[in-house]
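Shown next, in structure tokens, is the structure this report addresses.
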Amino acid sequence: MNTSLRTPPLLIALLLLIPASHPAFALAHSDQAALLDGVTKIDTPCCIGPLAVFGDRASPIVLGKAHDLREPVVAATTLGKGRAVAFGHPGYFGTDALGAPDGGRLVINALRWAAAGPADAVLRVGIREYPDLPPFLRDHDIQAEPLDGEDWLDRISSLDVLCSPLSDLSPHDIAALAEHVNGGVGLLVAEKAGDWLENNPGSDLADYGPNLLLGKAGIFWADGDLGRPADDTYFATSDSAQLCHADTAVQVLAAHADGTAERSPEDVAQATQTLMRAIAALYPADITALPGLDRLLLTPDRDFSNMKERPVAANQPFSRIVLARQLEELKQASPQQIAPHPAARAFPGYVPPNAPRVSRTLTVDTAIPGWHSTGLYAAPGEIVETEVSPRLDGKDLHLRIGAHSDTLWHHSKWRRVPEITRTFPLASLFTAAASPFGGLIYIQVPDSCDLGIISLTIHNAVEAPYYARGKTDLRDWRATIRYRPAPWAEIQGNNLILTLPASVVRDLDDPEAVMKFWDDVLDADADLATIPRQRSRPERICADVQISAGYMHSGYPIMTHLDAADMMVNARKIMADRRGGAGWGFFHELGHNHQSPDWTFSGTGEVTVNLFTLYVCETVCGTPAHQTREQLTPRWMLEQTRKHLADGADFEKWKASPFLGLIMYVQLKDAFGWEAYKTVFAEYRNLPDDERPKNDDEKRDQWLVRFSRAVGKNLGPFFQAWGIPTSDQARDSISDLPIWMPEGFPPA
């Protein structure tokens, strides 16, 4: 494939400013100390985005952690006479984060540092679009001016610091703002690049407002999601912060490669992750221009042809960087420039060269959002063309190639290329699309699309095995459809679509029975969640050679490993497994897709999900809850309950043990039945927004009160016996109800 790259002069100029002889940290230790004075760790918003930090001005300030690797989530830099602090999520300026001691302290420190004035000076801060900031700052004796109206840019020069998002600004406004910052006005920005990309499909991070302004100062908001750590906190910078600066990462990897300064495997992995993030954020960078890497990256021994058997590991930093570079190049390439990638043959798979290429006209009901299966496959490196009517232009429809949407950049080993799906906007009568990896073809429909049923034609595709319940004739399936040549297949029911290797379905005689079973499972989930059985879109389960987290994980699609593919179509075995193990994982992840955060407080994310697992086991598979797992047998439950109570009913330990937590919920089910849960879930679902719980304390209180009222019993002492914290007010509100405890509880 073509590995030539374009070279952005600005980026190379910035990177080459860094001497290769020492770590590239711009801010003095005194600056970092001022920013982190009194700050040890900060509460973090959910799903925070990372920052790429590079150049001779910027430094990481707070590090988030994705798995075993760290990435900047707060960084600081200088721009002319001005100073700027970047936050990777707007939630850092929200009530919860500001109310946490270190989070609020960090924002105050950042404002004073950005103002660059005397420590006791009265600050004048202008604020756009962050409604929780003004009252917080006024409580800390800082003058906060909301900047309303169209003339807000004209009033910046009188401020010490501006707090404002930048993604809604035009390039002209960004240029005007840059003049103010260069002149000495401080700047605080809290945004997430992934949200902007989701709302602006097909856009490039180079056009993202925060990057237009602070990219030249060494901070780029990058795509991605670090998730939320178990304790909800991220740490202020430590010794690993240097390895989270792209220029230092270059130096460390180059020195490690030539033997002048060997580093630990952990350091190499961290430096590699940092550099890959920078490549993705700053593309198209000519990585060979970075000191020490040009010779290493151009060596011809990078073999990606069978990553399933020969994974690219963290101890192969340059192979990982080469692959990251190739992928960024491919994202920018036109369909006409795309060729098959060597890794595609092993995964997603090989399309026989003699497989017929076909054209198919399809209808799509745009009232159903999400991915619409077509039964067609794009061969790696081949152009497929979509023909649509003029009325679809500008309606945000996309053609998607590939179902394997998990990204794997954070893994220590890559058993496939970390990012292999692509989408293309259907913005004209004819749209050419191609993927170097190939994949199943979908029409992607946005929410609230009003086009009705549309027709379109896809040219030069390969037929895939595809069964749609109620539409595909079983005789045709058995005779021809299951033998179609694409390497991936789909089996679709009313409520669920299974995506799995075509080899799994070649001998599948009765997909109708399989999908009836899965439709029953999803109907049961809907019944317990008290939502309509007719869904806005079907759920999806997709098998993959490697997924982003765990053995399975929830989402759209739910992802699982290839070894689960055979079980996906073996409804008979799942039904016959009296211990529930065969179906537990699938039922569990589908349960996650039905959980509500309103009745799932901290520590119960892996507990309340299994209410759905148990309900499906009981109502669809006929397996009573106490027979599904060893951990739910009466003997095990009694032993664990006694131990928990003897240890003082420690709430933190309860939260850390999902099956221990589940005992309490099973006790409620045994006493009051599933109808009690349905009643409470329906009540939550119908709550007006102003009555929904706002934090964990309110979630526990409301769960106690609403369940107690639903069953007509005072569950306060029951919650207290288990060690679940609730307020006096909540317990007092149900004191008129008769107290209830399970028979024989607490056990002697």
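Among the residues of the range 387-422, those that are of a type in the set (Val, Ile, Thr) and either in contact with a Pro (Cβ under 7 Å, 6 or more places away or on another chain) or outside any strand (DSSP E or B) (or both) comprise 388, 407, 417, 420, 421. Residues of the range 189-196 include none that is without any contact (Cβ under 8 Å) to a residue 24 or more places away in the chain and assigned to a loop (DSSP other than H, G, I, E, B). Tallying residues that are of a type outside the set (A, V, I, L, M), surrounded by 14 or more Cβ atoms within 10 Å (Cβ to Cβ) and part of a loop (DSSP other than H, G, I, E, B) within the range 126-154 yields 5. Residues that are without any contact (Cβ under 8 Å) to a residue 12 or more places away in the chain and among the hydroxyl-bearing types (Ser, Thr, Tyr) occur in the range 479-489; there is at least one. Of the residues making up the range 546-574, those that are open to solvent by less than 30 Å² (accessible area, probe 1.4 Å) and more than 19 Å from the chain's Cα centre (by Cα) are 564, 565, 568, 569, 571, 574.
Residue-by-condition table, conditions (1) open to solvent by 60 Å² or more (accessible area, probe 1.4 Å); (2) out of contact with any Ser or Thr (no Cβ under 7 Å at 6 or more places or on another chain); (3) closer than 19 Å to residue 502 by Cβ:
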site	(1), (2), (3)
437	no, yes, yes
445	no, no, no
448	yes, yes, no
459	no, no, no
464	no, yes, yes
467	no, yes, yes
470	yes, yes, no
475	yes, yes, no
482	no, yes, yes
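Name the single residue, out of those in the range 602-618 being of a type outside the set (A, V, I, L, M, F, W, C) and either part of a loop (DSSP other than H, G, I, E, B) or under 21 Å from the mean Cα position of the chain (by Cα) (or both), that is surrounded by the fewest Cβ atoms within 10 Å (Cβ to Cβ). Only one residue fits best here, namely 602. Of the candidates 722, 703, the single residue that is within 17 Å of residue 676 (Cα to Cα), in contact (Cβ under 8 Å) with a residue 40 or more places away in the chain, crowded, with 18+ Cβ neighbours inside 10 Å and not β-branched (Val, Ile, Thr) is 703. Does the range 384-391 contain any residue that is of a type in the set (Asp, Glu) and touching a strand residue (DSSP E or B) at 6+ places or on another chain (Cβ under 6 Å)? So far as the range 384-391 goes, yes, one or more of its residues are of a type in the set (Asp, Glu) and touching a strand residue (DSSP E or B) at 6+ places or on another chain (Cβ under 6 Å). Only residues that are more than 16 Å from residue 574 (Cα to Cα) and assigned to a strand (DSSP E or B) were counted across the range 489-539, and they come to 10. Among the residues of the range 381-408, those identified as touching a residue at least 40 places away in the same chain (Cβ under 8 Å), surrounded by fewer than 20 Cβ atoms within 10 Å (Cβ to Cβ) and either on the phi > 0 side of the Ramachandran plot or among the basic types (Lys, Arg) (or both) are 381, 391, 395, 396. Being more than 14 Å from residue 708 (Cβ to Cβ) and in contact with a helix residue (DSSP H, G or I) (Cβ under 8 Å, 6 or more places away or on another chain) is the filter; apply it to the range 725-748 and report the residue that is most open to solvent (accessible area, probe 1.4 Å). So the residue we want is 746. Restricting the range 645-682 to residues that are assigned to a loop (DSSP other than H, G, I, E, B) and hydrophobic (A, V, I, L, M, F, W, C) leaves a set whose member that is least open to solvent (accessible area, probe 1.4 Å) is 649. For the range 337-365, filtering for residues that are closer than 27 Å to residue 484 by Cβ and either hydroxyl-bearing (Ser, Thr, Tyr) or assigned to a helix (DSSP H, G or I) (or both) leaves 8. Among the residues making up the range 155-175, those that are outside any loop (DSSP other than H, G, I, E, B) and either among the β-branched types (Val, Ile, Thr) or open to solvent by less than 30 Å² (accessible area, probe 1.4 Å) (or both) are 156, 161, 162, 163, 174. A Cβ distance below 6 Å, combined with a sequence gap of six or more or placement on separate chains, defines the contacts here; from the range 337-360, residues that are charged (D, E, K, R) reach residues that are at pLDDT 95 or above and open to solvent by 10 Å² or more (accessible area, probe 1.4 Å) in the pairs 357/460.
The values are calculated or read from the model by the stated rules, or taken from the named source; none is laboratory data. Everything numeric in this text was worked out from a predicted model, so none of it was measured. Every residue, glycine as well, gets a Cβ built from its backbone with ideal geometry; the counts of neighbours run over all protein chains shown. These area figures cover heavy atoms from the full protein model, side chains too; ligands, DNA and RNA do not enter into them. Shrake-Rupley method; radii C 1.70, N 1.55, O 1.52, S 1.80 Å.
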